[in-house]
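> Below: one structure in structure tokens.
None of the figures in this text is laboratory data; all of them are computed from the coordinates on show. These figures come from a predicted structure and were not determined experimentally. For neighbour counting, all protein chains shown are included, and Cβ atoms are generated from backbone atoms with ideal geometry for every residue, glycine included.
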Amino acid sequence: MSFSSDKLETTFISPMTTDGPVENRKYTLTHSDETGMMFLDIGSQYNYSAINEDMRDEILGKWIMSDDNFYRLIFYAHVGDYNFTNAYKRYMIFKSHLESALQAVFFGDRDLFESYSQLIYTPIYVKFDSTIPMFDNYEYYGYIKDYIV
């Protein structure tokens, strides 16, 4: 799945604006299978009302300040409580869509990176949440600069 900027709708929820703040900034990325549209909400809390509880195919992200005073960006993907075969399928679907999902988030928040260009060197980790230990892990996904289109 490739990212198309005309298929992204971004909403900033106060106190977040297009250029800050970074602290407490959270991302909720959902999509419509019917239209192919992606919906990015940027706020100080996740937009749980946008999440389809039956599908649970959203991507959630947040900025974390590490002990060494550098930001990290953590995204969460809900693989869920499934048998091995279904968990594997969901895990692989998430992985196949992650590049376009990350491109969508960083395109939607592009003004932030124009205001704070050093943030493009922020490392990205994805936490897959699953009851199957093999799919319940953190994976490194490079830097924001790798996804800016």
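> Starting from 0.36 nm per residue, how many nanometres of slack lie between Thr85 and Ser32 once their C-alpha separation is accounted for?
Net length gain for the segment: 16.6 nm.
> Near the amide H of Gly80, under 5 Å away, which other amide H atoms are found, from residues 5 or more places off or on another chain, if H is placed in the peptide plane?
Amide H neighbours of Gly80: Asp129, Ser130, Thr131.
> Taking R0 as 30 Å, what FRET efficiency do you get between Lys127 and Phe70 from their Cβ-Cβ distance, rounded to the nearest 0.05?
My answer for the efficiency is 0.95.
> Taking 0.36 nm per residue of separation and subtracting the Cα-Cα distance, what length does fully extending Thr11 through Glu139 add?
43.3 nm
> In nm, what is the difference between 0.36 nm times the number of residues separating Thr18 and Ser49 and their Cα-Cα distance?
Going from the current span to full extension adds 9.0 nm.
> Moving on. Give the shape of the stretch 1-91 as rounded, prolate or oblate, defined through the alpha-carbon gyration tensor: a ≥ b ≥ c are the square roots of its eigenvalues, a/c under 1.5 means rounded, and otherwise the shape is prolate if a/b is larger than b/c and oblate if not.
oblate
> Now, a different point. How many nm separate the modelled label positions at Ser115 and Ile93, each set 7 Å beyond the Cα in the direction of the Cβ?
3.6
> If you don't mind, another one. Identify which of Phe94, Phe75, Phe84 has the largest mean-square fluctuation in a Gaussian network model of the chain, with springs joining Cα atoms closer than 10 Å.
Phe84
> Among His78, Val126, Phe39, whose Cα sits farthest toward the positive end of the charge dipole of the chain (+1 at Cβ of Lys/Arg, -1 at Cβ of Asp/Glu, about the Cα centre)?
Val126
> If contacts are Cα pairs under 8 angstrom and at least 6 residues apart, what is the relative contact order of the stretch 79-149 in percent?
Result for the stretch 79-149 is 38 percent.
> Need one word for the stretch 60-112: rounded, prolate or oblate. Basis is the Cα gyration tensor (sqrt eigenvalues a ≥ b ≥ c); a/c below 1.5 gives rounded, then a/b vs b/c decides.
Oblate is the answer for the stretch 60-112, as a/c is 1.5 or above yet b/c matches or exceeds a/b.
> Search the structure for amide H atoms under 5 Å from the amide H of His31, placed 1.01 Å from N in the peptide plane, and list their residues when 5 or more places away or on another chain.
Phe39
> May I ask you to evaluate 6.51 cos²θ - 1.76 cosθ + 1.60, the Karplus curve with θ = phi - 60°, for each residue of the stretch 112-119 and list the ³J(HN,Hα) values in order in whole Hz, giving x for glycine and proline?
4, 6, 6, 6, 10, 4, 5, 5
> I've got another one for you. Place +1 on the Cβ of every Lys and Arg and -1 on the Cβ of every Asp and Glu in the stretch 1-143, take the dipole about the Cα centre, and give the residue among Thr10, Gly142, Thr30 whose Cα lies farthest towards its positive end.
Farthest along the dipole direction, towards plus: Gly142.
> Could you name the aspartates and glutamates whose alpha carbon sits less than 13 Å from that of Lys127, not counting residues in the same chain fewer than 8 places away?
Glu58, Asp136, Glu139
> Still on this structure: What value, in deg cm²/dmol to 500, does the helix sum -39500 (n - 2.57) over DSSP H runs of n ≥ 4 give at 222 nm once divided by the residues of the chain?
Taken over the chain, the calculation gives -7000 deg cm²/dmol.
> Another question, if that's okay. Which trypsin sites (Lys or Arg not before Pro) in the stretch 1-60 sit in a loop by DSSP (not H, G, I, E or B) and have at most 15 other Cβ atoms within 10 Å of their own Cβ?
When the trypsin sites (Lys or Arg not before Pro) of the stretch 1-60 are filtered for loop state and at most 15 Cβ neighbours within 10 Å, Arg56 remain.
> Which of Tyr125, Tyr116, Tyr76 moves the most in a Gaussian network model of the chain with Cα springs under 10 Å?
Of Tyr125, Tyr116, Tyr76, the most mobile in the Gaussian network model is Tyr116.
> Same structure again: Taking springs between alpha-carbon atoms closer than 10 angstrom, which of Gln103, Gln118, Gln45 fluctuates most in the Gaussian network model of the chain?
With Cα springs under 10 Å in the chain, the top fluctuation among Gln103, Gln118, Gln45 is at Gln118.
> If you filter the stretch 45-149 for GluC sites (Glu not before Pro), then keep DSSP loop positions with at most 11 other Cβ within 10 Å, what is left?
The qualifying sites are Glu53.
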